[in-house]
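The values are calculated or read from the model by the stated rules, or taken from the named source; none is laboratory data. None of these values were measured; they are calculated from a predicted model. Positions of Cβ are backbone-derived with ideal geometry, glycine not excepted, and every protein chain shown enters the neighbour counts. Ligands, DNA and RNA are stripped out before the accessible areas are found, and what is left, the full protein with its side chains, is counted by its heavy atoms. Shrake-Rupley method; radii C 1.70, N 1.55, O 1.52, S 1.80 Å.
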Amino acid sequence: MVGFKATDVPPTATVKFLGAGTAACIADLITFPLDTAKVRLQIQGESQGAVRATASAQYRGVLGTILTMVRTEGPRSLYNGLVAGLQRQMSFASVRIGLYDSVKQFYTKGSEHASIGSRLLAGSTTGALAVAVAQPTDVVKVRFQAQARAGGGRRYQSTVDAYKTIAREEGFRGLWKGTSPNVARNAIVNCAELVTYDLIKDTLLKANLMTDDLPCHFTSAFGAGFCTTVIASPVDVVKTRYMNSALSQYSSAGHCALTMLQKEGPRAFYKGFMPSFLRLGSWNVVMFVTYEQLKRALMAACTSREAPF
(Lines give C-alpha, C1' and ligand atoms only; values in the text may rest on other atoms or scores of the structure.)
Protein backbone atom coordinates (compact mmCIF):
# COMPACT_ATOMS: atom_id res chain seq x y z
CA MET A 1 0.00 0.00 0.00
CA VAL A 2 0.98 3.64 -0.21
CA GLY A 3 2.70 5.62 2.48
CA PHE A 4 5.95 3.87 3.34
CA LYS A 5 8.74 6.16 4.44
CA ALA A 6 11.87 6.38 2.35
CA THR A 7 13.85 4.59 5.04
CA ASP A 8 11.45 1.66 5.22
CA VAL A 9 12.23 -1.55 3.35
CA PRO A 10 9.35 -2.19 0.94
CA PRO A 11 7.56 -5.48 1.70
CA THR A 12 8.03 -8.24 -0.85
CA ALA A 13 5.13 -9.88 -2.70
CA THR A 14 5.57 -13.01 -0.53
CA VAL A 15 5.35 -10.98 2.67
CA LYS A 16 2.18 -9.25 1.42
CA PHE A 17 0.67 -12.58 0.35
CA LEU A 18 1.28 -14.32 3.69
CA GLY A 19 0.55 -11.21 5.75
CA ALA A 20 -2.83 -10.63 4.07
CA GLY A 21 -3.99 -14.21 4.64
CA THR A 22 -2.88 -14.22 8.27
CA ALA A 23 -4.38 -10.80 9.03
CA ALA A 24 -7.68 -11.83 7.39
CA CYS A 25 -7.85 -15.00 9.53
CA ILE A 26 -7.30 -12.92 12.69
CA ALA A 27 -10.04 -10.52 11.60
CA ASP A 28 -12.39 -13.43 10.89
CA LEU A 29 -11.80 -14.97 14.32
CA ILE A 30 -12.84 -11.70 15.97
CA THR A 31 -15.79 -10.73 13.76
CA PHE A 32 -17.24 -14.12 12.70
CA PRO A 33 -20.39 -13.94 14.93
CA LEU A 34 -21.39 -10.72 13.13
CA ASP A 35 -20.96 -12.44 9.77
CA THR A 36 -23.12 -15.37 10.90
CA ALA A 37 -25.82 -12.95 12.12
CA LYS A 38 -25.66 -11.19 8.74
CA VAL A 39 -26.20 -14.47 6.86
CA ARG A 40 -29.18 -15.45 9.04
CA LEU A 41 -30.81 -12.04 8.47
CA GLN A 42 -30.13 -12.18 4.73
CA ILE A 43 -31.80 -15.57 4.20
CA GLN A 44 -34.72 -14.84 6.54
CA GLY A 45 -38.06 -14.75 4.70
CA GLU A 46 -36.75 -16.08 1.39
CA SER A 47 -39.62 -18.59 1.16
CA GLN A 48 -42.29 -16.05 2.14
CA GLY A 49 -43.64 -12.74 0.96
CA ALA A 50 -42.47 -9.46 2.46
CA VAL A 51 -45.51 -9.03 4.76
CA ARG A 52 -45.51 -12.60 6.04
CA ALA A 53 -41.74 -12.56 6.49
CA THR A 54 -41.93 -9.41 8.59
CA ALA A 55 -44.73 -10.77 10.73
CA SER A 56 -43.02 -14.09 11.42
CA ALA A 57 -39.42 -12.90 11.54
CA GLN A 58 -37.33 -15.07 13.83
CA TYR A 59 -34.39 -12.68 13.89
CA ARG A 60 -34.69 -8.95 14.57
CA GLY A 61 -31.57 -6.80 14.46
CA VAL A 62 -27.94 -7.70 15.07
CA LEU A 63 -28.09 -8.13 18.83
CA GLY A 64 -31.48 -9.87 18.64
CA THR A 65 -30.16 -12.35 16.08
CA ILE A 66 -27.08 -13.15 18.16
CA LEU A 67 -29.10 -13.53 21.38
CA THR A 68 -31.70 -15.72 19.65
CA MET A 69 -29.00 -17.99 18.24
CA VAL A 70 -27.26 -18.28 21.62
CA ARG A 71 -30.56 -19.05 23.37
CA THR A 72 -31.90 -21.59 20.86
CA GLU A 73 -28.69 -23.14 19.48
CA GLY A 74 -25.95 -22.34 21.96
CA PRO A 75 -22.94 -19.98 21.74
CA ARG A 76 -21.06 -22.29 19.36
CA SER A 77 -23.66 -21.64 16.66
CA LEU A 78 -22.18 -18.14 16.20
CA TYR A 79 -19.06 -19.84 14.83
CA ASN A 80 -20.82 -22.23 12.43
CA GLY A 81 -18.58 -22.56 9.37
CA LEU A 82 -15.50 -21.05 11.04
CA VAL A 83 -13.16 -23.74 9.68
CA ALA A 84 -14.34 -23.13 6.12
CA GLY A 85 -14.20 -19.39 6.82
CA LEU A 86 -10.54 -19.57 7.82
CA GLN A 87 -9.77 -21.78 4.82
CA ARG A 88 -11.49 -19.18 2.66
CA GLN A 89 -9.59 -16.24 4.12
CA MET A 90 -6.19 -17.91 3.91
CA SER A 91 -6.66 -18.56 0.20
CA PHE A 92 -9.02 -15.72 -0.66
CA ALA A 93 -7.50 -12.72 1.15
CA SER A 94 -3.97 -13.77 0.25
CA VAL A 95 -4.88 -13.37 -3.42
CA ARG A 96 -7.24 -10.39 -3.42
CA ILE A 97 -5.33 -8.26 -0.89
CA GLY A 98 -1.81 -9.68 -0.97
CA LEU A 99 -1.49 -9.43 -4.75
CA TYR A 100 -3.26 -6.06 -5.11
CA ASP A 101 -0.11 -3.92 -5.09
CA SER A 102 1.70 -6.23 -7.53
CA VAL A 103 -1.22 -6.21 -9.98
CA LYS A 104 -1.59 -2.44 -9.59
CA GLN A 105 2.09 -1.98 -10.45
CA PHE A 106 1.63 -4.27 -13.44
CA TYR A 107 -1.18 -2.10 -14.81
CA THR A 108 0.75 1.13 -14.16
CA LYS A 109 3.98 -0.36 -15.57
CA GLY A 110 5.79 0.28 -12.29
CA SER A 111 4.79 3.94 -11.95
CA GLU A 112 4.39 5.21 -8.37
CA HIS A 113 1.43 7.41 -9.41
CA ALA A 114 -1.50 5.05 -9.98
CA SER A 115 -4.71 6.47 -11.41
CA ILE A 116 -8.11 5.57 -9.99
CA GLY A 117 -8.73 3.51 -13.13
CA SER A 118 -5.60 1.43 -12.54
CA ARG A 119 -6.56 0.88 -8.90
CA LEU A 120 -10.09 -0.17 -9.85
CA LEU A 121 -8.77 -2.51 -12.52
CA ALA A 122 -6.31 -4.07 -10.06
CA GLY A 123 -9.05 -4.49 -7.45
CA SER A 124 -11.41 -6.13 -9.94
CA THR A 125 -8.68 -8.48 -11.17
CA THR A 126 -7.54 -9.76 -7.79
CA GLY A 127 -11.14 -9.96 -6.53
CA ALA A 128 -12.22 -12.15 -9.44
CA LEU A 129 -9.04 -14.25 -9.25
CA ALA A 130 -9.61 -14.88 -5.55
CA VAL A 131 -13.11 -16.23 -6.21
CA ALA A 132 -11.70 -18.66 -8.77
CA VAL A 133 -9.42 -20.02 -6.05
CA ALA A 134 -11.68 -19.98 -2.98
CA GLN A 135 -15.31 -20.43 -4.17
CA PRO A 136 -15.88 -23.92 -2.63
CA THR A 137 -14.80 -22.68 0.80
CA ASP A 138 -17.26 -19.78 0.51
CA VAL A 139 -20.15 -22.10 -0.40
CA VAL A 140 -19.46 -24.37 2.60
CA LYS A 141 -19.07 -21.39 4.95
CA VAL A 142 -22.44 -19.91 3.93
CA ARG A 143 -24.20 -23.30 4.18
CA PHE A 144 -22.85 -23.82 7.69
CA GLN A 145 -23.76 -20.33 8.85
CA ALA A 146 -27.28 -20.67 7.46
CA GLN A 147 -28.13 -24.00 9.08
CA ALA A 148 -29.68 -23.98 12.54
CA ARG A 149 -28.52 -26.47 15.16
CA ALA A 150 -31.93 -26.61 16.81
CA GLY A 151 -34.49 -29.22 15.80
CA GLY A 152 -32.02 -31.81 14.52
CA GLY A 153 -32.31 -30.60 10.93
CA ARG A 154 -28.64 -29.95 10.26
CA ARG A 155 -27.61 -30.41 6.65
CA TYR A 156 -23.94 -31.12 7.35
CA GLN A 157 -22.11 -32.61 10.33
CA SER A 158 -18.63 -31.25 9.63
CA THR A 159 -16.66 -29.19 7.13
CA VAL A 160 -15.33 -32.28 5.36
CA ASP A 161 -18.85 -33.78 5.33
CA ALA A 162 -20.15 -30.58 3.73
CA TYR A 163 -17.61 -30.71 0.91
CA LYS A 164 -18.35 -34.41 0.29
CA THR A 165 -22.14 -34.08 0.54
CA ILE A 166 -22.35 -31.09 -1.80
CA ALA A 167 -20.10 -32.78 -4.37
CA ARG A 168 -22.10 -36.02 -4.13
CA GLU A 169 -25.61 -34.54 -4.20
CA GLU A 170 -25.08 -31.51 -6.44
CA GLY A 171 -22.03 -32.54 -8.42
CA PHE A 172 -18.73 -30.71 -8.71
CA ARG A 173 -20.63 -27.65 -9.93
CA GLY A 174 -22.38 -27.49 -6.56
CA LEU A 175 -19.13 -26.42 -4.92
CA TRP A 176 -18.94 -23.56 -7.40
CA LYS A 177 -22.56 -22.49 -6.97
CA GLY A 178 -22.99 -18.74 -7.02
CA THR A 179 -19.66 -18.11 -8.73
CA SER A 180 -21.11 -15.40 -11.00
CA PRO A 181 -22.66 -13.28 -8.22
CA ASN A 182 -19.60 -13.94 -6.08
CA VAL A 183 -17.26 -12.72 -8.82
CA ALA A 184 -19.46 -9.62 -9.20
CA ARG A 185 -19.61 -9.12 -5.42
CA ASN A 186 -15.90 -9.53 -4.86
CA ALA A 187 -14.89 -7.38 -7.79
CA ILE A 188 -17.12 -4.68 -6.26
CA VAL A 189 -15.98 -5.37 -2.69
CA ASN A 190 -12.34 -5.45 -3.62
CA CYS A 191 -12.58 -2.18 -5.53
CA ALA A 192 -14.58 -0.47 -2.80
CA GLU A 193 -12.44 -1.87 0.02
CA LEU A 194 -8.89 -1.72 -1.30
CA VAL A 195 -9.23 1.31 -3.56
CA THR A 196 -11.06 3.32 -0.89
CA TYR A 197 -8.48 2.34 1.72
CA ASP A 198 -5.67 3.18 -0.69
CA LEU A 199 -7.16 6.57 -1.64
CA ILE A 200 -8.05 7.64 1.92
CA LYS A 201 -4.63 6.66 3.21
CA ASP A 202 -2.88 8.32 0.29
CA THR A 203 -4.88 11.55 0.82
CA LEU A 204 -4.21 11.66 4.56
CA LEU A 205 -0.48 11.16 4.04
CA LYS A 206 -0.09 13.62 1.15
CA ALA A 207 -2.03 16.31 3.06
CA ASN A 208 0.16 15.66 6.13
CA LEU A 209 -2.97 15.13 8.21
CA MET A 210 -1.60 11.88 9.62
CA THR A 211 1.57 9.84 9.56
CA ASP A 212 1.75 6.28 8.23
CA ASP A 213 0.83 4.70 11.55
CA LEU A 214 -2.06 3.10 13.44
CA PRO A 215 -4.48 6.10 13.55
CA CYS A 216 -4.11 6.54 9.78
CA HIS A 217 -4.64 2.83 9.15
CA PHE A 218 -7.69 2.80 11.48
CA THR A 219 -9.33 5.82 9.81
CA SER A 220 -8.69 4.50 6.29
CA ALA A 221 -9.99 1.04 7.16
CA PHE A 222 -13.18 2.34 8.80
CA GLY A 223 -13.97 4.52 5.77
CA ALA A 224 -13.33 1.58 3.45
CA GLY A 225 -15.66 -0.64 5.49
CA PHE A 226 -18.57 1.82 5.29
CA CYS A 227 -18.19 2.46 1.54
CA THR A 228 -17.91 -1.27 0.85
CA THR A 229 -21.08 -2.10 2.80
CA VAL A 230 -23.19 0.51 0.99
CA ILE A 231 -22.00 -0.55 -2.45
CA ALA A 232 -21.83 -4.33 -2.04
CA SER A 233 -24.84 -5.20 0.16
CA PRO A 234 -27.36 -5.95 -2.66
CA VAL A 235 -24.97 -8.32 -4.46
CA ASP A 236 -23.95 -9.88 -1.14
CA VAL A 237 -27.57 -10.71 -0.22
CA VAL A 238 -28.19 -12.32 -3.61
CA LYS A 239 -24.94 -14.28 -3.34
CA THR A 240 -25.85 -15.57 0.13
CA ARG A 241 -29.41 -16.55 -0.87
CA TYR A 242 -28.26 -18.29 -4.05
CA MET A 243 -25.42 -20.21 -2.40
CA ASN A 244 -27.71 -21.42 0.39
CA SER A 245 -30.61 -22.37 -1.91
CA ALA A 246 -31.85 -25.90 -2.58
CA LEU A 247 -30.82 -27.59 -5.82
CA SER A 248 -33.66 -26.30 -8.03
CA GLN A 249 -34.92 -23.35 -6.01
CA TYR A 250 -33.44 -20.72 -8.34
CA SER A 251 -32.42 -21.22 -11.97
CA SER A 252 -29.74 -18.53 -11.75
CA ALA A 253 -28.46 -15.67 -9.61
CA GLY A 254 -30.57 -13.30 -11.72
CA HIS A 255 -33.67 -15.39 -11.03
CA CYS A 256 -32.83 -15.28 -7.32
CA ALA A 257 -32.59 -11.48 -7.41
CA LEU A 258 -35.85 -11.15 -9.37
CA THR A 259 -37.67 -13.48 -6.95
CA MET A 260 -36.45 -11.42 -4.01
CA LEU A 261 -37.64 -8.21 -5.64
CA GLN A 262 -41.08 -9.63 -6.47
CA LYS A 263 -41.73 -11.33 -3.11
CA GLU A 264 -39.96 -9.04 -0.64
CA GLY A 265 -39.44 -5.73 -2.37
CA PRO A 266 -36.30 -3.58 -2.87
CA ARG A 267 -35.54 -3.42 0.87
CA ALA A 268 -34.72 -7.14 0.81
CA PHE A 269 -31.44 -6.30 -0.94
CA TYR A 270 -30.31 -4.49 2.19
CA LYS A 271 -31.30 -7.17 4.67
CA GLY A 272 -28.61 -7.57 7.27
CA PHE A 273 -27.14 -4.14 6.46
CA MET A 274 -26.27 -3.26 10.06
CA PRO A 275 -24.44 -6.54 10.81
CA SER A 276 -22.81 -6.22 7.40
CA PHE A 277 -21.53 -2.76 8.30
CA LEU A 278 -20.52 -3.75 11.82
CA ARG A 279 -18.78 -6.79 10.46
CA LEU A 280 -17.11 -5.13 7.47
CA GLY A 281 -16.17 -2.03 9.45
CA SER A 282 -14.64 -3.99 12.31
CA TRP A 283 -13.19 -6.59 9.93
CA ASN A 284 -11.50 -3.91 7.84
CA VAL A 285 -10.08 -2.18 10.91
CA VAL A 286 -8.68 -5.40 12.40
CA MET A 287 -7.46 -6.73 9.05
CA PHE A 288 -5.74 -3.62 7.70
CA VAL A 289 -4.18 -2.61 11.03
CA THR A 290 -2.90 -6.17 11.54
CA TYR A 291 -1.80 -6.41 7.91
CA GLU A 292 0.24 -3.20 8.07
CA GLN A 293 1.92 -4.30 11.30
CA LEU A 294 2.58 -7.82 10.01
CA LYS A 295 4.21 -6.49 6.86
CA ARG A 296 6.60 -4.35 8.88
CA ALA A 297 7.30 -7.09 11.43
CA LEU A 298 8.00 -9.67 8.72
CA MET A 299 10.28 -7.31 6.80
CA ALA A 300 12.10 -6.34 10.00
CA ALA A 301 12.60 -10.04 10.78
CA CYS A 302 13.90 -10.71 7.26
CA THR A 303 16.24 -7.70 7.44
CA SER A 304 17.64 -8.65 10.85
CA ARG A 305 18.17 -12.22 9.75
CA GLU A 306 20.08 -11.14 6.65
CA ALA A 307 22.10 -8.46 8.46
CA PRO A 308 25.77 -9.42 9.11
CA PHE A 309 26.91 -9.87 12.69
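Accessible area of the stretch 182-271 with a 1.4 Å probe: how many percent of it is carbon plus sulfur? With neighbouring chains kept in place, the figure for the stretch 182-271 is 68 percent. When the Cα positions of Gln249, Gly265, Val235 are compared along the charge dipole of the stretch 164-309, Gln249 comes out farthest toward the positive end, with charges on each C-beta of Lys, Arg, Asp and Glu. Mind checking the angle between helix 159-170 and the chain's longest principal axis? C-alpha axes, 0 to 90 degrees, to the nearest 10. Once rounded, one gets 60 degrees. Between Ile30 and Gln58, full extension at 0.36 nm per residue minus the direct alpha carbon distance yields a gain of 7.6 nm. Rounded to the nearest 10 degrees, the inclination of helix 179-190 to the longest alpha-carbon principal axis of the chain is 40 degrees. Charge tally for Thr203 (other residues, Cβ to Cβ under 14 Å; Lys, Arg +1; Asp, Glu -1): 0. By how many degrees, 0 to 90 and rounded to 10, does the Cα axis of helix 196-206 deviate from the longest principal axis of the chain? For 196-206 against the chain, the angle is about 30 degrees.
A simple rule links phi to the HN-Hα coupling: the Karplus curve 6.51 cos²θ - 1.76 cosθ + 1.60 with θ = phi - 60°, which for the stretch 95-110 gives 7, 6, 9, x, 9, 4, 4, 5, 5, 4, 5, 5, 6, 9, 6, x Hz, with x for Gly and Pro. Mean-square fluctuations from a GNM of the chain, with a 10 angstrom spring cutoff on Cα atoms, peak among Val62, Val133, Val39 at Val133. In this Cβ point-charge picture (+1 for Lys and Arg, -1 for Asp and Glu), the stretch 167-309 has a dipole of about 460 debye about its Cα centre. Beyond 31 Å in Cα-Cα separation lie the following of the pairs Lys109/Lys177; Lys16/Lys177; Lys201/Lys263; Lys206/Lys271; Lys177/Lys263: Lys109/Lys177; Lys201/Lys263; Lys206/Lys271.
For the chain, the solvent-accessible area works out to 45 Å² per residue, with a probe of 1.4 Å and every protein chain left in place. Our helix-only sum for the chain, with -39,500 (n - 2.57) per DSSP H run of n ≥ 4 divided by its residues, gives a mean residue ellipticity at 222 nm of -23500 deg cm²/dmol. Loop sites by DSSP among the trypsin sites (Lys or Arg not before Pro) of the chain, restricted to those with at most 16 other Cβ atoms within 10 angstrom, leave 156-309 as the longest stretch without any of them. Using the Karplus relation 6.51 cos²θ - 1.76 cosθ + 1.60 with θ = phi - 60°, the per-residue 3J(HN,Hα) values for the stretch 226-231 come to 5, 4, 5, 4, 4, 6 Hz, with x marking Gly and Pro. Amide H to amide H distances under 5 Å link Arg60 with Thr65, where only residues 5 or more positions off or on other chains count and H is placed in the peptide plane.
Using heavy atoms of the protein chains and a probe of 1.4 Å, the accessible area assigned to Cys302 is about 40 Å².
For the set His255, His113, solvent exposure ranked by accessible area (probe 1.4 Å, protein chains only) runs largest to smallest as His113, His255.
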